[in-house]
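Structure, as C-alpha cells:
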Amino acid sequence: MTPVIPVLEVDLGPGIRAFFTTRHGGRSGAPWDSLNLGLGVGDDAGTVRANRALVDQVAGGQVTFGTQVHGTDVVTVTARGLGAPPPEADALVAAAPGVPVGVYVADCVPVLLADPRARVVAVAHAGRPGVEHGVVPAVLEAVLAAGARLGDLRAVVGPAVCGECYEVPAELQERVAARVPAARSQTSWGTAALDLPRAVEVQLEAAGVRRVQRVHRCTRTDDTFFSHRRSSAAGTPAGRFAGVVTLV
Ligand SMILES: [Zn+2]
C-alpha cells in the first residue's frame, strides 16, 4: 500500500515502524512547500494540523510529541497520551503498541530507538544543547529502565545538519568538544564546526548500543528536509519534519 505521504522508512526490527517525514506530501504553501509539521513558525495552524494528521495515518495512530525545550528530560508515554499541552520533554519512551512517539526537527538530530524483543521504543531530539548536556545517555537510561536490553537495542541517527555545514563560534566548539570530543568538526570552508550526528553516534556506541545506523543526509544541503540554517540564510521561516517510531 502506498503511504499517504512519502516518508524515509528505516528498519529497527520486526514489529517496529520507524520513519522520517520529508518536506513533501503536505498542504502548506511557500515557503514551506509542503509538509510542515511545526506550529509557531508562521504557517497556518489548521494546515499544520492537517499535515500532522497525515503523519498519524502513516504511524498507525496519533503521534505523541513532547514540548521540546532542548533539555534532557525523558517522559514515558502510555496509551492515554500526554494530554495538552504536553510536558516539556526532548525524549519519549513508549512500551505499548499503537502509541507512536516522535520529535520535530530542522537541523537538530532525531534519534530513534527500539528493542524489538523487549518491545520498547524511544525517540530523542538532540540539538547542540541536547548533545552537550546528554539527552542521548538520558534516553538510553530510560529505555533500559523500561525493559530494553543493550544487546537487543537498535538505533537510527536521522537526517540532520552535518559536521561540514554546522558552523559555530570557536568558543562554543571548545565548550561542547570538552564534554563530547567527537562533536569537534570543521566546516567545508575551514571554520570551527560541530558534528552533531557523529557525536550522537559516538554517544550511543559509548553507552554500549552495538547496532547504530546513520542516515547520511544533511538537512542544510538536502532540501528534501527542512533546515533552520538553510531557511535563515534565505530569510524565510523554517518548517519542521519529524522522526517517528512505534510498536505495531
Ligand atoms: Zn552538510
task = Run GLU132 past the list (1) within 15 Å of GLN203 (Cα to Cα); (2) touching an Asp or Glu at 6+ places or on another chain (Cβ under 6 Å); (3) among the acidic types (Asp, Glu) and report the number of the one that doesn't hold.
result = (2)
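Taking the options SER227, SER188, SER231, name whichever one is small (Gly, Ala, Ser), within 12 Å of the ligand (Cβ to nearest atom) and under 30 Å from GLY26 (Cβ atoms).
Details: SER188 fails: under 30 Å from GLY26 (Cβ atoms); SER231 fails: within 12 Å of the ligand (Cβ to nearest atom).
Unique residue meeting the criteria: SER227.
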query = Can you pull out the residues in the stretch 186-208 that are among the hydroxyl-bearing types (Ser, Thr, Tyr) and open to solvent by 30 Å² or more (accessible area, probe 1.4 Å)?
reply = SER188, THR191
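Check whether at least one residue in the stretch 222-229 is at pLDDT 95 or above, over 21 Å from PHE20 (Cβ atoms) and not acidic (Asp, Glu), and report yes or no. Walk me through it before giving the result.
Let us first name the residues in the stretch 222-229 that are at pLDDT 95 or above, namely 222-229.
If we keep only those that are over 21 Å from PHE20 (Cβ atoms) as well, we get none.
Scanning the stretch 222-229, I find no residue that is at pLDDT 95 or above, over 21 Å from PHE20 (Cβ atoms) and not acidic (Asp, Glu), so the answer is no.
With the structure loaded, tell me whether ALA79 is assigned to a loop (DSSP other than H, G, I, E, B) and more than 18 Å from the chain's Cα centre (by Cα) or whether it fails that test. Even if it seems obvious, please write down each step before you answer.
Values: assigned to a loop (DSSP other than H, G, I, E, B): yes; more than 18 Å from the chain's Cα centre (by Cα): yes.
Taking the combined requirement at face value, the residue satisfies it.
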message = Where the second residue is crowded, with 23+ Cβ neighbours inside 10 Å and among the charged types (D, E, K, R) and the first is over 19 Å from VAL120 (Cβ atoms) and lies in the stretch 152-167, which pairs have Cβ atoms under 6 Å and are six or more apart or on separate chains?
response = VAL161/ASP107; GLY163/ASP195
ask   = Only one residue in ALA84, ALA79, ALA89, ALA95 is exposed (fewer than 15 other Cβ atoms within 10 Å of the Cβ) and touching a Gly at 6+ places or on another chain (Cβ under 8 Å). Which one?
value = ALA79
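Here is a check on your reading of the model: is GLU141 within 16 Å of the ligand (Cβ to nearest atom), surrounded by fewer than 21 Cβ atoms within 10 Å (Cβ to Cβ) and closer than 16 Å to VAL200 by Cα?
Values: within 16 Å of the ligand (Cβ to nearest atom): no; surrounded by fewer than 21 Cβ atoms within 10 Å (Cβ to Cβ): yes; closer than 16 Å to VAL200 by Cα: yes.
Judged against the criteria, GLU141 is not a match.
The values are calculated or read from the model by the stated rules, or taken from the named source; none is laboratory data. Note that the coordinates shown come from a computational prediction; the quantities given were computed from them, not determined experimentally. Heads up, the Cβs are rebuilt from the backbone with ideal geometry, glycines too, and the neighbour counts pull from every protein chain shown. When the accessible area is computed, the model is the full protein with side chains, heavy atoms only, and any ligands, DNA or RNA have been set aside. Shrake-Rupley method; radii C 1.70, N 1.55, O 1.52, S 1.80 Å.
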